[in-house]
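A short write-up of the structure that comes next.
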Amino acid sequence: MNGRTGPAAGGPRRPAGGGETAGIARSAGSVGFAVLLSRVLGLVREQVLAGLFGAGTAMDAFVVAYRIPNLLRDLFAEGALSAAFVAVFTDYDQKRTREETWALVNNVMAVLAVLLGLVVLLGTVFSDEIVRLMATGFEGQAPGKLLLTRRLTVIMFPFLILVSLASVVMGVLNTKGRFFIPALASSCFNLTCILLGGGLALVLPRHGVPGIVGMAVGTLAGGLAQLLVQWPLLHRLGFRLRPRIDLRDPGLRRIGLLMVPAVVGLSATQINIFVNTRFASLCAPGSVAWLSYAFRIMFLPIGMFGVALSIATMPVVSRQAARREIGPMRETLVSSLTLGFALTVPAAVGLWILAEPVVRLLFEHGRFGPHDTLMTAAALRFFLIGLFAYGAVKIVVPVFYALDDAKWPVIGSFTAVGVNLAVVWWLLGPLQHRAVALALSVAMTANFLLLAVVLYRKVGGYPAGRLVASLAKICLASAVMGWVLVLLRGPLFLEPGAGFWATLWGVGAAVVLGAACYAVVLAPLRVPEVAVLASALRRRLGRTGTA
């Protein structure tokens, strides 16, 4: 920062820790681009599914069948295992010999493969019971729906092993400072699902096999692609696959002990997903699919903003916590939350207003009809109520971990489970599948508010007044933007009945005009963090233009 933008110059007041804020903004931009690529391909994957299968029996069955191994993956592999393994592997990499370090990796991979192999075997044997437990409502719906769900579950269960091993490899590569290929891995997964799964879905029905089976096979192959694309780089770093199982290995035991609290914390999220899937299966046919499509759209801004800011904030607050720099850490927290609100609040408002045209543009092709668009848009709007909280929780939780306090994130997660269950139980009758989306939003908001209050007391206070004032300005600018978008719905061909190209042009123009309106209104309100972000973007664009 060159110091020219400040109170004396008539510009916005620079937040304390402005250098850290700029660093977070730059890092979030880099990470956000990698996440965005994966999210976009994931969205394309959903478009393929929507075009081929709509939101009927096949898609409901696929969503539930994919969710079963995915729950276990999120719980053990990409969450708890990844964090615990990276911590121990980093210690070995710095303090042990090269042979001992690679021996640990071989041991972890071998034990993981055996344990998850047993889980897959049990899951296959008891697949009927698992499906009935998770999607009890399917039994009274279309004939063969439960049987199809079980068939897809058996095909996709081994996905758990492949993606778990891929997460271990990703942890090794990231620790070694290799980020691009691991970031590319999830994109390879989506590409494989799109190309192979979509191709099989078109061919298999000619041989009497349901097309959705092809998507299940493509998903399994995508897990393999996610692992294999990282393997050559791992080999170049010196790793050689020599499987060994040593349950007395102290490194393996340390990983197991570190995983326990993380698994407990993450289990709350998985309980919510399980509960919501079960309730959604009790609603009208297609409800599970409508919620899945809506969440995919909502997850795009979460991935771009919330996850990116979380990854960028973590090293900063960890460094400040290690140095006991509590004052700068408070400023970093408030700046990160302000940046998160400045991005997620207008995104929620814009998507709320543009819900139908966005869903129509993305999914209303092939077997996905106008009714599916309305139902998916309705679910999306209820998800958007909690969008700001989704992003904020991802920023706040790493601060607790930096302060060596994993207790409160766990308490917050289980509080969210209770709130989610109460809301969905109360409102499922009148709201149907929309109650599931609303319950998740309310639960996430409760989680954020609890963590924010606890953290305020834990660090001796932070500039909450500045945060609330910035949030009020952001809401004002977002409201003005929303009013403009409502006025533009007609002129921009965003009403039902517009063709694909008219809708594409209208949505694109609405996004550009909405963003411009938001920026124009927010600029004179002087939110310091937004000024820092805008300055970083201008510098980056300037470097790009002169390259």
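The values are calculated or read from the model by the stated rules, or taken from the named source; none is laboratory data. From a predicted model like this one, the values you see are computed outputs, not experimental measurements. Here the Cβ positions follow ideal geometry from the backbone for every residue, glycine too, while neighbour counts run over all protein chains shown. We work out accessible area using only protein heavy atoms, side chains counted, and drop any ligands, DNA or RNA first. Shrake-Rupley method; radii C 1.70, N 1.55, O 1.52, S 1.80 Å.
Okay, here's what the table says:
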{"read-out": "Filter result for the condition that a residue is modelled with pLDDT of 90 or more, within 24 Å of PHE239 (Cα to Cα) and not basic (Lys, Arg), over PHE180, PHE159, PHE126", "value": "PHE159"}
{"read-out": "Near pairs, Cβ below 6 angstrom, 6+ apart or cross-chain, from the stretch 468-483 (at pLDDT 95 or above) to any residue that is of a type in the set (D, E, K, R)", "value": "none"}
{"read-out": "Residues satisfying the stated conditions in the stretch 470-493, i.e. open to solvent by less than 60 Å² (accessible area, probe 1.4 Å) and not in a helix (DSSP H, G or I)", "value": "ARG489, GLY490, LEU492"}
{"read-out": "Among (1) β-branched (Val, Ile, Thr); (2) open to solvent by 40 Å² or more (accessible area, probe 1.4 Å); (3) under 28 Å from SER38 (Cβ atoms); (4) more than 22 Å from the chain's Cα centre (by Cα) - the single one ILE181 does not satisfy", "value": "(4)"}
{"read-out": "Members of the stretch 236-256 that are among the aliphatic types (A, V, I, L, M) and either in a helix (DSSP H, G or I) or open to solvent by 100 Å² or more (accessible area, probe 1.4 Å) (or both)", "value": "LEU241, ILE245, LEU247, LEU252, ILE255"}
{"read-out": "Odd one out for GLU129 among (1) under 27 Å from the mean Cα position of the chain (by Cα); (2) open to solvent by 40 Å² or more (accessible area, probe 1.4 Å)", "value": "(1)"}
{"read-out": "Sole residue being closer than 25 Å to THR277 by Cβ and of a type in the set (Lys, Arg), chosen from ARG330, ARG367", "value": "ARG367"}
{"read-out": "Hits in the stretch 412-454 (condition: open to solvent by less than 20 Å² (accessible area, probe 1.4 Å), under 17 Å from THR277 (Cβ atoms) and either touching a strand residue (DSSP E or B) at 6+ places or on another chain (Cβ under 7 Å) or not hydrophobic (A, V, I, L, M, F, W, C) (or both))", "value": "ASN420, HIS433, SER441"}
{"read-out": "Identity of the residue in the stretch 506-529, of a type in the set (Gly, Ala, Ser) and open to solvent by less than 40 Å² (accessible area, probe 1.4 Å), that ends up nearest to ALA342 (Cα to Cα)", "value": "GLY514"}
{"read-out": "VAL459 vs. criteria more than 27 Å from the chain's Cα centre (by Cα), open to solvent by less than 40 Å² (accessible area, probe 1.4 Å) and closer than 30 Å to ALA268 by Cβ", "value": "yes"}
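A quick yes/no check of all residues on (1) surrounded by fewer than 22 Cβ atoms within 10 Å (Cβ to Cβ); (2) modelled with pLDDT under 75; (3) closer than 21 Å to LEU52 by Cβ; (4) not charged (D, E, K, R):
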position	(1), (2), (3), (4)
VAL264	yes, yes, no, yes
THR269	yes, yes, no, yes
ALA294	no, no, yes, yes
MET304	no, yes, no, yes
ALA308	no, yes, no, yes
VAL316	no, yes, no, yes
ARG323	yes, yes, no, no
